[in-house]
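A short write-up of the structure that comes next.
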Amino acid sequence: MKRRLYANLQRKIIFVTLLVSFIPLIFLSVTIYYQFAQMFKGKIEEQISYRARVQSNSIELFLKERTAILLAMADAYTFDYLSDKNNLEKIFRIMNNRVGGFIDLGLIDSSGKHVTYIGPYKLLNVNYYSEPWFHEVESKGVYVSDVFMGYRRVPHFIIALQRQETNKSWILRATIDSDVFETLVRTAQVGKTGDAFIVNKAGFYQTRMRFGNEILSKSNLNPTIFGEGTTVQEKMNAEGRKILYAGRWLKNNNWLLVISQDATEEMTRLFKTKQMEIIIVTAGCLMIIFTTIFTTRMTIRRLENSDRKMNELNAQLVHSDKLAALGKMAAGVAHEINNPLAVIAEKTGWMEDLLTEEEFQNSQNLGEYKKSLHKIEEHVERARKVIHGMLGFARRMEPHLEDVDINKVINETISFLESYARTNNISIIYDSNPDLPIIASDHSQIQQVFLNLLTNAVDAIGKDGTINISSKRHDLEISVIVKDNGQGIPKEYQSRIFEPFFTTKKSGKGTGLGLSVSYNIVRNMGGTITLESEEGKGTIFTVKLPVVVPEKK
Amino acid sequence: MFTFSVLIADDETDFLETIVNRLQKRKIEATGVSSGEAALELIKVKPFDIVLLDVKMPGGMDGIEVLREIKKLQPLTEVILLTGHASVETSIEGLKLGAFDYLLKPVKFAELLEKLVAAFENKASQEQKIRGAKIKEIGRPHS
């Protein structure tokens with residue numbers, strides 16, 4: 001029952017301790033991780049969007065430069081001049097020298113006919129009138145096209161512009177080198193999987209991606225999710241990896257530059273941090289668990305021990321209280337009997353007095369009367385002795401303090417019993433202990449205690465045996481051990497041995513007061529008296545007396 | 001045969017009566033009273049050689065108080081205290097206040113007689129000394 005109570009308490013303490021230590025720890029680590037992850041993600045997004053911005057600027061610049069040089073040429077020369085193949089070739093060279101990246105250059109008249117052409121394809125005299133870009137140029141003046149296949153059946157894009165002369169209009173058209181352009185776009189690729197590419201408004205690829213995709217194939221990226229300025233989006237790809245996309249619109253919002261990055265790859269560092277944190281937190285938790293269990297167990301065990309000691313102490317207190325109460329009762333009884341006893345004694349005496357008178361001298365039964373009265377007196381005397389013993393037991397006289405040499409007291413006491421012991425072949429052995437200090441105590445009371453113990457020992461032995469007395473000095477007390485090899489005290493009597501009137505001796509042989517008087521004397525002096533006994537083997541009484549140093553006179 | 005007067009104060013009347021009888025039988029002038037107050041009343045009227053006083057009498061005056069009063073009224077009267085075990089300390093205090101001795105109850109009669117005689121002898125010798133000293137001052141009824 002008690003055990004279960006402790007186990008329960010232990011469980012509760014462990015549970016509560018773990019709860020209050022784990023909750024804040026886990027909460028803290030999760031919060032810190034979350035904050036850190038957030039910051040880390042922010043950083044990555046910022047980085048990618050910065051790259052998108054820079055890259056889009058350089059692409060815009062690339063297109064602007066090429067448009068500008070084409071414009072300059074168109075402004076500087078006339079249709080007639082440009083229609084000369086040599087002139088056009090010269091201009092083409094200048095343009096490639098200055099800015100580079102052109103594949104071909106062509107002059108187209110207002111009917112759409114390719115009048116002059118410098119470049120690797122056989123496009124001379126091709127009519128562009130029905131091409132969509134042709135009308136865009138006509139309506140806008142300057143036009144940078146999306147990537148398309150055109151007559152050459154190769155994906156490319158063009159910069160075209162229209163010029164008006166007095167009676168006719170013409171178009172100067174240049175094709176941008178896809179390789180050069182793609183290289184430029186791709187400079188924004190980073191890491192093992194990072195990519196940079198352009199899609200048009202409708203979502204068709206304008207440049208090749210790093211892995212796979214054909215130019216002009218439809219991208220599964222929806223360009224409309226990207227808004228003004230630089231937008232960062234997060235998407236899962238087919239393999240379930242998280243990809244970060246930074247998009248920025250170019251070329252009057254016709255093209256979308258997309259820079260992609262595998263978030264998972266970037267996040268590896270974060271994952272490492274996460275793993276580390278998990279390891280630390282787990283180790284911490286384990287340590288807390290062990291420490292909590294260990295300390296709680298220790299505490300509970302200590303609690304259990306002190307509880308047990310307390311119970312023992314309580315039992316002792318109850319026992320000594322009981323003895324004290326019994327003592328008081330004995331005193332009361334003794335006192336009440338004392339007075340009638342005195343009256344009986346006096347009346348008997350009076351009768352004896354009267355018997356001496358002459359008139360009784362001739363009585364037949366004078367002898368019988370005298371004998372009876374004598375018997376009454378004898379038994380009153382016997383009762384008187386018992387009463388005196390009881391009253392002595394109850395007397396609460398303060399011990400009279402004097403210098404007491406325990407060695408001397410013991411030796412004196414032994415001498416009282418020596419002759420009786422010798423005739424019964426009992427040897428009483430005591431070696432005086434020179435370590436024992438002189439203490440302030442009551443000589444006659446201590447003597448009474450030892451006399452009682454030795455008398456009991458002698459009685460317990462009966463005939464043929466040994467009584468060993470030994471003494472020891474501890475720091476604050478003296479212990480005297482009286483050991484006999486007599487008959488011992490049955491277990492069931494041991495707890496009652498100090499009760500008044502409890503005796504194992506034959507009736508009339510002992511009053512049962514000796515040990516209770518001794519007990520009270522020792523207790524009043526602040527000492528203890530205990531016994532150990534085994535039936536048939538003997539009894540050991542231990543008297544402990546406090547060392548009270550006598551006052552220097 | 002010398003004789004002397006004894007006043008016995010004890011609340012236990014059976015005891016009191018018997019003691020008085022036994023003392024009277026031995027030609028001792030014995031009177032019994034059952035309280036301290038009665039003892040004092042009697043002493044005022046008639047001086048006694050010895051007072052046998054029970055220290056503990058329930059109700060009424062405390063034995064020690066009675067002793068004090070007796071010593072005031074009759075300083076030469078010897079007082080012997082009768083005591084139980086529980087009041088030994090009180091009796092020792094009584095000795096300091098001028099009681100001749102104390103006896104533990106129940107008293108053996110022989111012992112009591114012995115004490116009474118000793119007390120009377122003590123008183124007699126005291127009186128002798130005082131008488132010698134007082135020769136010049138005869139005429140004063142009370143000292």
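Inside region B:21-55, can you point out the residues that are within 14 Å of chain A (Cβ to nearest Cβ) and surrounded by fewer than 20 Cβ atoms within 10 Å (Cβ to Cβ)?
Scanning region B:21-55 gives B:21, B:24, B:25, B:26, B:27, B:34.
Checking the condition aliphatic (A, V, I, L, M), outside any helix (DSSP H, G or I) and modelled with pLDDT under 85, which residue from A:270, A:221, A:257 passes?
A:221
Would you tally the residues in region A:171-186 being under 15 Å from residue A:70 (Cα atoms) and surrounded by fewer than 21 Cβ atoms within 10 Å (Cβ to Cβ)?
Of the residues in region A:171-186, 1 are under 15 Å from residue A:70 (Cα atoms) and surrounded by fewer than 21 Cβ atoms within 10 Å (Cβ to Cβ).
Kindly indicate which of B:119, B:110 is within 11 Å of chain A (Cβ to nearest Cβ), small (Gly, Ala, Ser) and either surrounded by 20 or more Cβ atoms within 10 Å (Cβ to Cβ) or part of a helix (DSSP H, G or I) (or both).
B:110
Residues of region A:187-202 being outside any loop (DSSP other than H, G, I, E, B) and charged (D, E, K, R), which ones?
Once the filter is applied, which keeps residues that are outside any loop (DSSP other than H, G, I, E, B) and charged (D, E, K, R), region A:187-202 yields only A:195.
Would you list the strands (runs of 3 or more DSSP E) that sit entirely within region B:1-105 and hold 2 or more residues that are aliphatic (A, V, I, L, M) and in contact (Cβ under 8 Å) with a residue 40 or more places away in the chain?
Qualifying strands (runs of 3 or more DSSP E): B:5-9, B:50-54.
Could you please tell me which pairs satisfy a Cβ distance under 9 Å, a separation of 6+ or placement on different chains, a first residue in region A:317-346 that is touching a residue at least 12 places away in the same chain (Cβ under 8 Å) and within 14 Å of another protein chain (Cβ to nearest Cβ), and a second residue that is outside any helix (DSSP H, G or I) and among the small types (Gly, Ala, Ser)?
As it stands, the answer is A:334/B:84; A:335/B:84; A:338/B:84, since those pairs meet every condition given.
To keep it simple, each residue is scored yes or no on (1) in contact with a strand residue (DSSP E or B) (Cβ under 8 Å, 6 or more places away or on another chain); (2) at pLDDT 85 or above; (3) away from chain B (no Cβ under 12 Å).
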site	(1), (2), (3)
A:363	no, no, yes
A:392	no, no, no
A:396	no, no, no
A:405	no, yes, yes
A:409	no, yes, yes
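Would you tally the residues in region A:224-251 being more than 27 Å from residue A:268 (Cβ to Cβ) and assigned to a strand (DSSP E or B)?
2
Can you say whether residue B:13 is at pLDDT below 90 and either surrounded by fewer than 18 Cβ atoms within 10 Å (Cβ to Cβ) or among the hydroxyl-bearing types (Ser, Thr, Tyr) (or both), as far as the supplied structure shows?
yes
The values are calculated or read from the model by the stated rules, or taken from the named source; none is laboratory data. Note that the coordinates shown come from a computational prediction; the quantities given were computed from them, not determined experimentally. We place every Cβ from the backbone using ideal geometry, glycine too, and count neighbours over all the protein chains shown.
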